[in-house]
1. Only one of 27, 44 is modelled with pLDDT under 85, closer than 25 Å to residue 131 by Cα and part of a loop (DSSP other than H, G, I, E, B); which?
2. Test of understanding: among 71, 160, which residue is within 15 Å of residue 183 (Cβ to Cβ), out of contact with any helix residue (DSSP H, G or I) (no Cβ under 8 Å at 6 or more places or on another chain), at pLDDT 95 or above and assigned to a loop (DSSP other than H, G, I, E, B)?
3. Inspect all residues belonging to the range 92-102 and state whether any of them is assigned to a loop (DSSP other than H, G, I, E, B), under 17 Å from the mean Cα position of the chain (by Cα) and over 20 Å from residue 197 (Cβ atoms).
4. Restricting attention to the range 177-205, and to residues there that are outside any strand (DSSP E or B) and closer than 17 Å to residue 33 by Cα, which single residue is modelled with the highest pLDDT?
5. Can you tell me how many residues in the range 123-135 are surrounded by fewer than 14 Cβ atoms within 10 Å (Cβ to Cβ) and either within 26 Å of residue 148 (Cβ to Cβ) or out of contact with any strand residue (DSSP E or B) (no Cβ under 7 Å at 6 or more places or on another chain) (or both)?
6. Could you tell me which residue of the range 136-174 is surrounded by the fewest Cβ atoms within 10 Å (Cβ to Cβ), considering only residues that are within 26 Å of residue 55 (Cα to Cα) and free of Cβ contacts under 8 Å to residues at least 12 places away in the same chain?
7. Residues that are more than 21 Å from residue 194 (Cα to Cα) and in a strand (DSSP E or B): does the range 125-144 have at least one?
């Protein structure tokens, strides 16, 4: 079960979306917190996912694909962004992808994810996207699995010019078929040099997270409006 604070935030987010508040489709990621969702163009879909960590566990003699469904009803993933830091954190439902579905095994369940970027965060030169341009393995995170094991994560830029990018590309048309903002990048698990294809972020960036108390105020207002209509 998700913590009560997560459930409350999800309810508030749904209410904001239903009322059509501005922000859900904004074109530039700015300072603040945002709800995350699956990207429609993950190469291992279905199921769709917002994060992929192949060989997180070496279950078989073949290549084991592990993905994490940010849209699942039990999931709640959030992006916190500032001018100098990026944090991606929350809970995501996922497991071992066996082709169109998750295996019903010990890996299936909720994963607690927390990754903090403090080095190399800045604006992409000549564009309004944000990226992380630091040396390999400069930033770290972790993932707590259903087996109650904490596995460390490191960012990985490899031959790319960054390890993480947030936004809608240089042409403002979006990343891989998604017209709004996305997040994409690469990471290693278990050890800094342990790079497995594929280990990456691939998510979409949605509505801003309401400020503390905003959800309660909004839901209270909706209740008052309902009573007025009924009277």
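1. Numbers: 44 fails: modelled with pLDDT under 85.
It is 27.
2. 71
3. No - not one qualifying residue is present in the range 92-102.
4. 181
5. Looking only at that region, the number is 3.
6. Among them, the one singled out is 159.
7. Checked against the condition, which is being more than 21 Å from residue 194 (Cα to Cα) and in a strand (DSSP E or B), the range 125-144 yields at least one hit.
The values are calculated or read from the model by the stated rules, or taken from the named source; none is laboratory data. As the structure is a prediction and not an experimental result, all values here were calculated from the model. Using ideal geometry, Cβ is built from the backbone for each residue, glycine included, and neighbour counts are taken over all protein chains shown.
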